[in-house]
Amino acid sequence: EAGQWIEVEFEPARVSSVILTNGYNASKALYKGNRRLKDIEVSINGGGAIPWRLEDTGKPQEIPVSGVDGASRVRITIVTTYNAQQTAVHGTPFDDAALAEISVTGVPAS
């Protein structure tokens, strides 16, 4: 997973934060049975990376980005992950990293 990334594109906006929901949240067993993002880097429009450590929770986590004008791309790069665990789900631990949701907050560019 280290070095892999996901990027979202959107209409130009003044971005103020990125909200991530970590893991595969269909059940507690599936959440723990998959790797979850731990240390990440967030970059906007290919700019400098913002390092961030996510908590090991399936609740939304906000990453403030200081109001970037004209943003149209956000990239999340995996640096490290929380380990997957064996659970009651057949096949665990899975060797993949799960990220449930990405939200970008801000206002449209004028």
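I need to check one value: relative contact order of segment 1-83, counting alpha carbon pairs closer than 8 Å and at least 6 residues apart, in percent. Computed value for segment 1-83: 49 percent relative contact order.
What the chain shows is 57 Å² of accessible area per residue, with the surface traced by a 1.4 Å probe over protein heavy atoms.
In the chain, the alpha-carbon atoms span a convex hull of 88 Å³ per residue. When a 1.4 Å probe is rolled over the protein heavy atoms, the share of accessible surface on the chain that falls to carbon and sulfur comes to 49 percent.
Sequentially through segment 90-97, phi angles give Karplus couplings (6.51, -1.76, 1.60; θ = phi - 60°) of 4, x, 6, x, 7, 9, 9, 10 Hz, Gly and Pro residues having no value and appearing as x. Net charge dipole, the chain: roughly 280 debye, given to the nearest 20, about the Cα centre with Cβ charges of +1 for Lys and Arg and -1 for Asp and Glu.
In this structure, the amide hydrogen of THR81, modeled 1.01 Å from its nitrogen in the peptide plane, lies closer than 5 angstrom to those of LYS38, ASP39, counting only residues at least 5 positions away or on a different chain.
Of all DSSP bridge pairs formed entirely within segment 1-108, close to 95 percent run antiparallel. Compactness of segment 1-40 was expressed as the Cα radius of gyration divided by 2.2 N^0.38 Å, which yields 1.51. Phi angles of segment 9-25 translate, via the Karplus equation with coefficients 6.51, -1.76, 1.60 and θ = phi - 60°, into HN-Hα couplings of 10, 7, 4, x, 8, 8, 7, 10, 6, 10, 10, 10, 10, 7, x, 9, 9 Hz per residue; Gly and Pro are given as x.
The values are calculated or read from the model by the stated rules, or taken from the named source; none is laboratory data. Please read these numbers as outputs of a predicted model, since none were measured by experiment. Note that we place each Cβ from the backbone using ideal geometry, even for glycine, and neighbour counts take in every protein chain shown. The accessibility values were calculated without ligands, DNA or RNA, using every heavy atom of the protein model including side chains. Shrake-Rupley method; radii C 1.70, N 1.55, O 1.52, S 1.80 Å.
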